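Encoded as structure tokens, the structure appears first; notes follow it.
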Amino acid sequence: MGSDLLAGASWECTATPAGSIVDPDGLEGATSTWWPATVPGTAAGALAAAGLEAVRRDFDGEDWWFRCQFDAHAEDRACLLTLEGVASVADVYLNGEPVAHGENMFRTVRAEVAPLAVGNELVIRCAALGPLLATRRSRPRWKTVMVTDQSIRWLRTSLLGRVPGWTPVPLPVGPWRPVRVVPIDGHQIVSQHLVASCDGQDGVVEVTLAVSGPAAGAVGRVSAGADEAPLHFAPEGDGSVATASLRIGGVERWWPHTHGPQPRYEVTAEIDGETCSLGSVGFRTVEVDRDGGAFGLVVNGQPIFCRGAAWMPPDPVTLAPSDDRLRRLVGLAREANLNMLRVPATTTYADRRFYDLCDELGILVWQDCMFAFTDPPDDEAWVAEATAEVAEALTEAAAHPSLAVVCGNQEVEEIAAMQGLAQDRYATPFFDEVVPTLAGRLAPGVPYVRSNPTGDSFPFRMNEGVSQYFGVGGYLRPLDDPRRSEVRFAAECLLLATPPEPATVDDACGGPLGSGHDPRWKATVYRDAGRSWDMEDVGAYYAGQLFGIDPLMVRYTDPERMLELRRATNAEMVTAVFTEWRRPGSSCDGGLIVALADFEPGPGWGLVDALGVPKSTWYALRRVSQPVALLLSDEGLNGLALHVVNDTAEEVGATVAVALYAGGERLVDAGEQSIKIGARGSVVLDAETLLGGFRDITYAYRFGPPAYDVVAASLFDLDGSLLSQAVHLVGGQGRPREPDLGLAATVAHRGGAEGWSVEVTTRRLAQWVSIEAPGYRPDDSWFHLPPGTTRVVPLRPGGAEKPPVARVRAVNWEGSLLLRP
């Protein structure tokens with residue numbers, strides 16, 4: 001395709017009272033304030049860049065206008081105007097004339113425009129949604145407290161900024177995805193649909209291209225490496241459609257990164273001698289095991305334990321994050337050993353950049369369609385618009401091997417069922433028939449889920465189908481509840497308010513004194529609408545239960561200490577829940593945490609804070625999600641179980657070692673055993689078998705005082721390197737702070753590619769050791785360090801140019817270490 005005539009154009013925007021101006025001519029003299037704008041971007045982004053209030057502005061109450069001037073250099077050719085996404089009801093004017101209209105934030109608007117000359121003006125009017133929300137329409141079958149306005153169900157826009165209890169974010173208004181004007185020259189690709197499938201050892205790519213220009217006389221082909229196939233052209237509307245079936249011999253399978261490599265194949269199209277890339281494809285099969293109420297993904301015939309998080313917009317103000325920001329965040333998901341990201345229905349559809357990164361980095365994608373909470377209208381026009389929306393989204397996503405699940409909606413079934421409605425009263429043909437038919441046609445081979453959560457009896461039951469698990473968390477259930485609940489697949493879980501690391505608290509949150517009460521701090525804490533408590537209250541409850549403290553008094557007297565205990569508490573909750581779910585024999589096939597990253601600095605729901613710094617929960621989930629991992633579970637009267645799991649395609653030879661300590665320091669017993677863990681297999685051992693006899697190391701029989709208080713289990717490879725380690729505290733987390741643990745650390749440069757690292761050693765058990773080095777990211781943190789052991793933790797550069805200054809803490813130690821090279 002030709003060059004974009006809007007490349008480098010300068011945009012600006014302004015606001016006018018709703019409905020006061022109906023076309024660009026009325027703008028003259030109506031407003032004197034135009035703010036510089038970035039496209040793709042939003043009105044909120046323009047205000048924020050100008051240093052003005054954006055989050056709390058009523059964007060629904062105003063019309064917003066975006067405009068730019070540009071020149072054309074091919075006056076003899078018509079042009080294609082493409083707006084990939086405008087929020088939400090938009091009229092588009094070119095040189096004062098209306099050329100396009102859109103009423104759906106999630107759909108592309110295209111228009112062919114006449115040849116252009118020098119000095120053109122493009123104007124986009126985004127109509128105020130307030131008057132549309134006030135329009136009287138039919139009543140829904142149920143109402144929900146999860147949205148600010150029940151009428152939002154009629155409008156195709158994002159629920160960002162419309163869910164009470166979330167971190168406040170601005171309502172999306174404006175051209176949030178790219179806008180282009182491209183001269184039409186011959187046969188050019190307007191849109192594309194690629195579907196890759198496996199046929200024995202070969203791969204097959206079905207290609208459908210919408211092409212400008214007539215079908216007559218068009219010649220083309222598609223190719224991948226040495227394999228090619230001809231394009232067949234047929235007329236369609238004012239242009240043509242080109243199709244091809246390309247077979248690629250002997251393809252390698254694409255895997256989630258925890259289980260294998262990510263080979264991809266670049267596909268190109270040549271039409272009338274002009275060649276362009278159609279992107280890359282990968283080949284894999286995805287199925288769902290639903291036997292006995294299960295929901296387990298099977299990729300390339302291999303069951304996959306999915307561990308991941310919800311993908312929230314990295315920049316909820318502009319909705320247009322940079323490529324670098326996207327790569328850093330998806331990269332952090334991979335580094336945390338996550339193999340799935342879910343795009344929730346409360347946000348926006350993922351774009352090609354996100355899918356390309358997930359393809360490259362081996363992250364499965366659970367893609368919700370953008371319908372949540374409310375009763376979808378039974379209206380012909382609404383259904384037609386929503387159908388076109390889903391079709392466009394699936395057409396774009398279908399080419400990507402990372403696409404693993406398409407889900408019709410979020411919590412539509414659950415909210416109706418929790419209000420006591422029978423299933424036949426909330427059944428929706430759109431989700432039961434229309435969307436699965438679209439998914440089967442446009443993304444064949446990708447499993448479809450009607451709703452999240454969903455199940456055959458009640459959608460919110462844990463022991464069948466897809467659930468949302470907040471038993472540990474919002475419902476204050478004990479840490480052994482995941483086993484009792486028999487969770488099958490948690491598409492949402494562990495919505496926690498995790499404080500960021502101390503540097504972020506100090507630099508971006510006003511310091512620890514504001515924690516727990518300052519309105520700016522509390523605004524970042526999730527709260528269920530209609531509840532009198534928030535997730536920080538929940539975290540305080542669990543801190544009290546685990547550490548035996550009075551949370552109010554600890555925060556009252558030592559707020560920094562309370563934050564440290566909250567970080568440790570949430571790390572323990574993540575460790576306990578995902579250990580239970582991932583162990584061999586568990587009923588669970590996956591869990592997705594809410595969410596990967598915070599919107600704003602504070603104790604948000606993310607594994608990563610708003611500045612991109614991992615939090616305690618990121619490190620906890622990273623360890624328990626390792627492709628080769630050792631997990632511990634207290635089986636009560638059945639002892640302490642050692643679960644060794646291997647997701648890789650290679651057999652692993654290793655040694656499992658168990659050490660028992662008394663008094664937090666004295667080694668009293670140890671044992672080890674050599675094992676082999678088969679490719680994508682597991683081994684379960686009894687810890688006391690390695691010790692040569694019964695020791696009551698779970699203190700279940702209670703024959704007198706406990707003889708041990710620390711159990712350390714370690715997995716070493718054949719070279720003696722530590723692969724994985726887990727520590728069981730026999731008396732629980734509530735250990736007293738000590739003035740001296742014998743904890744020592746150094747920071748040093750080890751030369752070559754290894755770079756800087758922190759070496760930590762301890763004489764006594766160091767509980768929840770944390771390492772903080774601003775400008776660097778520790779490879780591990782928030783771990784237990786067994787007595788008499790040493791850990792070397794590499795520091796990964798995070799933009800710092802100076803040598804690291806690190807601080808080392810432990811929750812059961814009164815002191816801390818400040819380290820300089």
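The values are calculated or read from the model by the stated rules, or taken from the named source; none is laboratory data. Quick caveat: nothing in here was measured; it's all calculated off a predicted structure. No Cβ is skipped: glycine too gets one built from the backbone with ideal geometry, and neighbour counts run over all protein chains shown. Protein only, heavy atoms only, side chains kept; ligands, DNA and RNA dropped before computing areas. Shrake-Rupley method; radii C 1.70, N 1.55, O 1.52, S 1.80 Å.
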Practice task
Output the Cα-based Rg and Dmax of the chain in Å, rounding Rg to one decimal and Dmax to a whole number.
Solution key: 28.3, 94
Fill in the blank from the handout: For Asn95 and Val792, extending 7 Å from Cα along the Cα-Cβ vector and measuring point to point gives, in nm, a value of 7.0
Exercise for the section: Could you tally the net charge around Gly273, taking each other residue with its Cβ under 15 Å from the Cβ of Gly273, Lys/Arg +1 and Asp/Glu -1? Expected result: -4
Practice task
Give me the distance between the Cα centres of the range 761-797 and the range 415-494, rounded to whole Å.
Solution key: 39
Practice task
Calculate what fraction, in whole %, of the accessible area of the range 388-441 sits on carbon and sulfur atoms when a 1.4 Å probe is rolled over the protein chains.
Solution key: 52
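Rolling a 1.4 Å sphere over the protein heavy atoms, what is the accessible area per residue of the range 74-175, to the nearest Å²?
Per residue, the range 74-175 has an accessible area of 39 Å².
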Fill in the blank from the handout: dims of the range 686-821, Cα set, principal axes, largest to smallest, nearest Å -> 57, 38, 20
Problem - Packing-based ranking, highest mean first, of 339-348, 503-512 given that Cβ atoms within 10 Å are counted - result: 339-348, 503-512
Practice task
Given the peptides 759-769, 203-213, arrange them by the average over their residues of other C-beta atoms within 10 Å, most packed first.
Solution key: 759-769, 203-213
Fill in the blank from the handout: Residue-normalised 222 nm signal for the chain, counting each DSSP H run of n ≥ 4 as -39,500 (n - 2.57), nearest 500 deg cm²/dmol, is -5000 deg cm²/dmol
Practice task
Could you grab the relative contact order for the chain? Cα pairs under 8 Å, six or more apart, rounded to a whole percent.
Solution key: 8
Exercise for the section: First compute the accessible area of the range 193-294 with a 1.4 Å probe, then give the percent of it belonging to carbon and sulfur atoms. Expected result: 46
Completion exercise
Relative contact order as a percentage, the range 426-502, C-alpha pairs under 8 Å and 6+ apart, gives 22
Exercise for the section: Heavy atoms only, probe 1.4 Å: what % of the accessible area of the range 539-696 goes to carbon and sulfur, would you let me know? Expected result: 49
Completion exercise
Rounded to whole Å², per residue accessible area for the range 298-427 with a 1.4 Å probe reads 28
Completion exercise
Given a 1.4 Å probe, the accessible area of the range 506-630 per residue, as a whole number of Å², is 34
Practice task
Mind running the shape call on the range 240-372? Use the C-alpha gyration tensor, a ≥ b ≥ c as the square roots of the eigenvalues: rounded below 1.5 for a/c, prolate if a/b tops b/c, oblate otherwise.
Solution key: oblate
Practice task
Report the net charge of residues surrounding Tyr541, where surrounding means a beta-carbon distance below 12 angstrom and charges are Lys +1, Arg +1, Asp -1, Glu -1.
Solution key: -2
Fill in the blank from the handout: With +1 on the Cβ of every Lys and Arg and -1 on the Cβ of every Asp and Glu, the dipole magnitude of the range 657-780 about its Cα centre, in debye rounded to the nearest 20, is 200
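Please report the net charge: other residues with Cβ closer than 14 Å to the Cβ of Ala399, K and R +1, D and E -1. If you can, show how the numbers build up before the last one.
Values: positive: Arg264, Arg284, Arg352, Arg353; negative: Glu206, Glu266, Asp351, Asp356, Asp359, Glu360, Glu392, Glu396.
Overall, the nearby charge balance is -4.
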